[in-house]
């Protein structure tokens, strides 16, 4: 049945057998509780019944549709009953009725997605609170943010002088080299370079050393206090990674199972590995 779920042509795909719904390219497995309380009343008894079960409903972007059902019927030759799959003829229903079914199921999906995303955010925060220690996975994530925050310094129309722009190049390279330059060092002892902006402040206060030449004052540790400042950004990044098909061209749709106590570090590792 999944051959119908082409995201370029399909607006909504309901797999009633597996209780999955695909909408706008996003597929979610619907919980039994939500399906029973919210989806079943929409389908029963017109579209789904005990002896004529819905298998799948596909509503295409051109507003055509297709419905597969499974009927419990008697075999006249063997005198036995069996389930028979068939394509249900929807022509007896008006276009407005079919569109109404699509609209209702679409709204139910959006509501479920919002509920699940809220639960996911809460769970991530709970996991993060239990695991709020500095480690290499979190350092790599924060290094990513630090690089993102200074991307503008390398733009052709950046207002920086050539000298300062060169300092930012050095800073960014230092960040990229951290995993190789400080490999094997405990996460709490990893040193991060200060920014050229921070260096300019130190120069104004009397620092006479070249940028990053002072190994004592031009570097700092990402301790728990610093880590805490990045909490919201990490959680937002994780939520986005889980909610969409990919982040940074890495497929991440299988990162988090909201029904399991997945460790935050495991999630970060899977994002980094593109799983």
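Computed from the coordinates by the stated procedures, all read-outs in this text should not be read as laboratory data. Please read all numbers here as calculations on a predicted model, not as lab measurements. All Cβ positions, even for glycine, are placed from backbone atoms using ideal geometry, and neighbour counts span all protein chains on display.
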Two-site FRET efficiency, residue 18 against residue 114, from Cβ-Cβ distance with R₀ of 22 Å, rounded to 0.05: 0.50
Nitroxide proxy distance, nm - points 7 Å out along Cα→Cβ at residue 76 and residue 173: 8.4 nm
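In nm, what is the difference between 0.36 nm times the number of residues separating residue 157 and residue 8 and their Cα-Cα distance?
Full-extension gain reported as 49.9 nm.
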Highest average packing first - 51-57, 174-180, Cβ atoms within 10 Å: 51-57, 174-180
May I ask you to compute the full-extension gain from residue 36 to residue 60, defined as 0.36 nm times their residue separation minus their alpha-carbon distance, rounded to one decimal in nm? 6.1 nm
Kindly list the residues of the range 20-58 that lie in the label zone of residue 87, defined by a backbone N under 13 Å from the point 7 Å along the Cα-to-C-beta vector. 58
Using the reciprocal of the averaged 1/r over all distinct C-alpha pairs, how large is the Kirkwood radius of the range 2-121 in Å? 15.2 Å
